[in-house]
1. Let me have the relative contact order for the stretch 67-149, percent, based on Cα pairs under 8 Å that are six or more residues apart.
2. Could you grab the relative contact order for the chain? Cα pairs under 8 Å, six or more apart, rounded to a whole percent.
3. Summing -39500 (n - 2.57) over the DSSP H runs of n ≥ 4 in the chain and dividing by its residue number, what mean residue ellipticity at 222 nm do you reach, to the nearest 500 deg cm²/dmol?
4. Hey, fewest Cβ within 10 Å first, where do 262, 61, 82 land in order?
5. Treat the count of other C-beta atoms within 10 Å as a stand-in for reagent exposure and order 187, 330 from fewest to most.
6. For the stretch 284-324, what class follows from the C-alpha gyration tensor (a ≥ b ≥ c being the square roots of its eigenvalues): rounded when a/c is under 1.5, otherwise prolate if a/b is larger than b/c, else oblate?
7. For the stretch 117-242, what does the alpha-carbon gyration tensor say about shape, rounded, prolate or oblate, given a ≥ b ≥ c as the root eigenvalues, a/c under 1.5 as rounded, and a/b over b/c as prolate?
8. Using Cβ counts within 10 Å as a stand-in for footprinting exposure, how do 293, 327 rank, fewest first?
């Protein structure tokens, strides 16, 4: 079998509403495991691919303006705050002024940040040559500091930075993600209302996503999550009556599968998760997945193979390429169903 097709040379770099009248009008590709069908539609047709009694589990994490300008050894750098570490330290990613990864930053060095703040580089994070544990001295609470000086994380595929509001979903309540849980982005309040009116259930979890720029061979690292007791009970009830549990994003899959037993039952839980979902492990609590389009070398591909199987995933990505689907955080959507 061939490998997944590469990402388009001109990936998505502007919000979907710049080319459609509202978020829900992004393109949607539906891939069904049962009959192998690949269906092209748009996001506002999502209700027709769900049934009363199905459950959508959404991520309520809100996106932080987690990118900061800095200076290291007299050179301009960009600091991406990823996730909190022990003792109040943070895992950060340094990038050059041109947004290329800053490899093996010098340990014990100090990055100067706006407002006389600093980040002292303490140690590589779990052996990484680009992620570093840093001690931040901000002079004020993190939330206040980021509101004053932070901006949304941006990569070279994005030609400009958008306001932080463009990086929030309608489900966002709990600030904590370095990058947007973007699978939920095309939802609007009107679409959520229609889904609920049709009998589709919606329940929350929280997983604070770190930087998504994992490279080939890198495994997802620890992220903070919370699966509330009512959500766990509802997942179990839906599975018991034959409904389908659909995760809105890979972050939701990681949270639910962290607290899932081998028989698929889910318990409430909170903490940090190191779970890596692979085809060999499979999915236990999740029946369907709504996600975006990820580069072939992305660690997300292992989870997608677990959800779709390699053959259907191959055909989905081929169709997305042929039909010029938009990639990355402002891109189009991919629904994998039983």
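Every number here is computed from the coordinates shown, using simple stated rules; none is lab data. Worth saying up front: this structure is predicted, and the values here are computed from it rather than measured. All Cβ positions, even for glycine, are placed from backbone atoms using ideal geometry, and neighbour counts span all protein chains on display.
1. Values: 165 pairs, mean separation 20.5, N = 83.
Relative contact order here is 25 percent.
2. 25
3. -5000 deg cm²/dmol
4. Details: 262 6, 61 33, 82 27.
Sorted ascending by nearby Cβ count, the order is 262, 82, 61.
5. Placing the least packed residue first, the sequence is 187, 330.
6. Numbers: a/c = 1.86, a/b = 1.59, b/c = 1.17.
Since a/c reaches 1.5 and a/b is larger than b/c, the shape of the stretch 284-324 is classed as prolate.
7. Judged from the Cα gyration tensor, the stretch 117-242 comes out prolate (a/c at least 1.5, a/b above b/c).
8. Details: 293 24, 327 20.
Ordered from fewest to most neighbouring Cβ atoms within 10 Å, 293, 327 come out as 327, 293.
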